[in-house]
Amino acid sequence: QSTSLSLEESIDIALKNNAGLKASVLAIERSQELTNGAYDIDKTNVYFGFDQNNIAANGKPLGVIGIQQAVKLPSVYKMQKQLRESKVKVQEQRLKVEERLLEKEITTIYTTIQFWENVQRHYQYMDSLYLQFATAATRRFELGETNYLEKLTADTKQKEMALQIEQCADNITAS
């Protein structure tokens, strides 16, 4: 048994169950986490080497031990954080656009289905009228009050409405 959903319910279900939107939300959360780590200072390097220009009293080059670390200016770290925050905002806007496109698509499909259901109801009403007309025409033909052409016309119109109803059902299924 099928239940009718309103447009709002259909949109809510689509927004909750769309895998693309869920992936976008996860990407936003990941970007927000990366924003907190905008201050990434390079690793400290320890090195050891021989200085050929600095010779000891025994005639051998001196061994040099050193520590090196690159630290950028604070404004660079601030700009990195702002860049990452702007990327988060861009992803949030992209999510909103995706949601609106999904809402538009659902609305289009929903209204198309509603249209075909209304057309189908119209044809069902017409079918019931033509069925009564065909029954009456058959009865009148049997009594000899009318000719065979009127009976055939009534039967044809009733069958045409039945075909239109089937076509509407196919259009609803295709939507």
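The values are calculated or read from the model by the stated rules, or taken from the named source; none is laboratory data. A quick note: this is a predicted structure, and the numbers were derived from the prediction, not measured. Note: areas computed on protein heavy atoms with side chains; ligands, DNA, RNA excluded. Shrake-Rupley method; radii C 1.70, N 1.55, O 1.52, S 1.80 Å.
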**Q.** Segment residue 58-residue 112, extension gain: residue separation times 0.36 nm, minus the distance between their alpha carbons
**A.** 10.0 nm
Q. How large is the accessible surface per residue of the stretch 98-175, computed with a 1.4 Å probe and reported in Å² as a whole number?
A. 71
Q) Past the 28 Å Cα-Cα mark, which pairs from 22/81; 104/159; 43/87; 72/96; 43/78? A) 104/159; 72/96
Q) What label, among (1) 0.98; (2) 1.03; (3) 1.59, belongs to Rg/Rh (Cα atoms, Kirkwood Rh) computed from the structure on display? A) (3)
(Q) Leaving out ligands, DNA and RNA, and with a 1.4 Å probe, what % of the accessible surface on the chain is carbon or sulfur? (A) 55
(Q) Checking the cross-link filter: which lysines have an alpha carbon closer than 27 Å to that of residue 60, excluding same-chain neighbours under 8 positions apart? (A) none
